[in-house]
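A quick write-up on the structure given underneath.
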Amino acid sequence: MNDDIDKIRFEIKNKRRDKKIKKSNNISIQISKLLIIILITIGMLITLKSNNKFKNLFYKNVYENNFSFAKVNKLYISYFGTPIPFKDIIDKKESETVFNEKLNYSLKTKYYDGVKLDVSNNYLVPVIKSGMIVYIGKKEKYGNTIIVQQVNGIDVWYSNIKTPSVKLYDYVEEGSLLGEVDKNTLYLIYKKEGKVLNYEDYL
């Protein structure tokens, strides 16, 4: 009887030890990922500061051309895993979702490169698909615009936004709050690599 109890205690002790080792290894991996990100960022900043040729190339490809954050994110995940440090060891309890909506409108009509949607007055705009905020500002013919580069590489312009609820380079989840429209009109434009896409394929 005592031998059985000792055996059970020994097994419990071993399991606890294994869990601690696993947790410790997990933390080491996450710290390594974080240090790699910091080193890459510092290396980029030093190179940008000291090399004018690289600086011009960087500005041309990131600011002037249509830079694909979706491709960089995919490449990063393939080598390093999740871009969020310590995501694997964060408590997995999901917090209560405050805003999780689908896009609702009463009428859609073609408008320049995109579509005009009739929505309710001061409508709260949900994100159609998850992605990164790559632009917040005014666009001619569309007014205040937020551009989300979706994880599939498609840029969606949400225009006529009176009150944005996001900041530049935020990662936004599908269904989360993007902002509030001015009155009752929302404009959407779909683009990929600078080319306008047919909104009918996505709405």
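Among the residues of the stretch 104-122, not a single one is surrounded by fewer than 16 Cβ atoms within 10 Å (Cβ to Cβ), in contact (Cβ under 8 Å) with a residue 12 or more places away in the chain and under 20 Å from the mean Cα position of the chain (by Cα). Inspect all residues belonging to the stretch 91-105 and state whether any of them is at pLDDT 95 or above, in contact with a Ser or Thr (Cβ under 8 Å, 6 or more places away or on another chain) and either under 27 Å from Glu200 (Cβ atoms) or among the β-branched types (Val, Ile, Thr) (or both). Looking through the stretch 91-105, none of the residues is at pLDDT 95 or above, in contact with a Ser or Thr (Cβ under 8 Å, 6 or more places away or on another chain) and either under 27 Å from Glu200 (Cβ atoms) or among the β-branched types (Val, Ile, Thr) (or both).
Checking each residue in the stretch 157-196 for being in contact (Cβ under 8 Å) with a residue 12 or more places away in the chain, under 15 Å from Tyr112 (Cα atoms) and of a type in the set (Lys, Arg) picks out only Lys191. A single member of Ile154, Ile146 is in contact (Cβ under 8 Å) with a residue 40 or more places away in the chain and under 20 Å from Lys192 (Cα atoms), and it is Ile154. Counted as qualifying within the stretch 128-203 are the strands (runs of 3 or more DSSP E) with 2 or more residues that are surrounded by fewer than 19 Cβ atoms within 10 Å (Cβ to Cβ), namely 131-139, 143-150, 161-164, 177-181, 185-192. Scanning the stretch 134-143 for residues that are in contact with a strand residue (DSSP E or B) (Cβ under 7 Å, 6 or more places away or on another chain) and free of Cβ contacts under 8 Å to residues at least 12 places away in the same chain gives Gly137, Lys138.
Quick check: is even one residue across the stretch 79-89 small (Gly, Ala, Ser), at pLDDT below 90, in the same structural domain as Leu34 (by TED's automatic domain parsing) and not in a loop (DSSP other than H, G, I, E, B)? No: zero hits.
The values are calculated or read from the model by the stated rules, or taken from the named source; none is laboratory data. Everything numeric in this text was worked out from a predicted model, so none of it was measured. Cβ: placed from backbone, ideal geometry, glycine included. Neighbour counts: every protein chain shown.
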